[in-house]
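Right, one structure below, let's go through it.
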Amino acid sequence: MRFMVILKTTPELEKANAAKGPTEELLNAMGKLNSDMVKAGVLLSGEGLAPSDTGVKVTITTDEVVVLDGPFAESKELIAGFWLLQVSSREEAVEWVKRIPTEAGKTTEVEVRRIMEADDFGDEFTPEARAAEEKLRQQIAEQHG
């Protein structure tokens, strides 16, 4: 099973990190966690994200596309970074998440979501669509391998 681990942030932390960045201690602790996940064979990918004031939010309807420049005011929408993990269960993903370091006195919110697999889409995901999807995945692997 694959899971996306979404590390949330707040407007205050985003501003503080943009001004001075995370501490050396926190960066080292994150590096150790990443190293441990690589050694365990569960880390597929993981990245920190630039502050929301450098991003845009795109809203698409059938009638229009609206692009809104950051920063984003809603703290529930702010994401500091992510990991993609391949583990045997949601519980195993949560055990890794429990090891995420935090700065003293700070609260860290993390969302863990299972990544959908082909079988999750049922009969509507036809053999032809599955073959096309696999071909795209192979092309991506060749381009970025």
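What follows is calculated from the coordinates using simple rules that are stated; it is not laboratory data. Quick caveat, the model's predicted, so the values are computed rather than measured. A quick note on method: Cβ atoms are made from the backbone with ideal geometry, for glycine too, and the neighbour counts reach across all protein chains shown.
So between E91 and V67, what do we pick up on full extension, going 0.36 nm a residue minus the alpha carbon distance? Don't jump to the answer; show the numbers that get you there.
Details: separation 24, 0.36 × 24 = 8.64 nm, distance 3.74 nm.
In short, 4.9 nm is gained.
Give the calculated FRET efficiency between I79 and K20 to the nearest 0.05, with a Förster radius of 25 Å applied to their Cβ-Cβ distance. Mind dumping the intermediate values first?
Details: r = 20 Å, r/R0 = 0.79.
FRET efficiency, I79 to K20: 0.80.
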Just to be sure I understand: with springs between alpha-carbon atoms less than 10 Å apart, which residue in G122, G48, G21 has the highest mean-square fluctuation in the Gaussian network model of the chain? G122
Please list, or write none, the aspartates and glutamates whose alpha carbon is within less than 20 Å of the alpha carbon of K76, excluding same-chain residues fewer than 8 places away. E12, E14, E47, D53, E103, E109, E111
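From the convex hull of the Cα coordinates of the range 51-109, what is the mean projected area in square nanometres?
Numbers: hull surface 25.9 nm².
The number I arrive at for the range 51-109 is 6.5 nm².
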Calculated FRET efficiency for the pair A118/Q143, C-beta based, R₀ 25 Å, to 0.05: 0.75
As a quick test, which of the pairs K20/K106; K15/K57; K39/K135; K32/K106 have an alpha carbon distance above 27 angstrom in this structure? K39/K135
Compute the convex hull volume of the Cα atoms of the range 1-130, divide it by the residue count, and report the result per residue in Å³ as a whole number. 143
Sites K39 and A131, calculated FRET efficiency, Cβ-Cβ separation with R0 30 Å, nearest 0.05: 0.30
With each run of n ≥ 4 DSSP H residues scored as -39500 (n - 2.57), what mean residue ellipticity at 222 nm is computed for the chain after dividing by its residue count and rounding to the nearest 500 deg cm²/dmol? -11500 deg cm²/dmol
Given springs between every Cα pair under 10 Å in a Gaussian network model of the chain, which of T54, T62, T107 has the largest fluctuation? T62
Determine ³J(HN,Hα), in whole Hz, for all residues of the range 42-52 in sequence, where each value follows from phi through the Karplus function 6.51 cos²θ - 1.76 cosθ + 1.60 and θ = phi - 60°; x replaces Gly and Pro. 9, 8, 8, 6, x, 8, x, 10, 5, x, 5
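Could you give the longest part of the chain that holds none of the trypsin sites (Lys or Arg not before Pro) found in DSSP loops with at most 13 neighbouring Cβ atoms within 10 Å?
Numbers: sites that count: K98, R99, K106.
Answer from the scan: 1-97.
If exposed means no more than 12 neighbouring beta carbons inside 10 Å and the site is in a DSSP loop, what's the longest run of the chain without any exposed GluC sites (Glu not before Pro)? Working shown, then result.
On the way: sites that count: E64, E74, E117.
Of all site-free stretches, the longest is 1-63.
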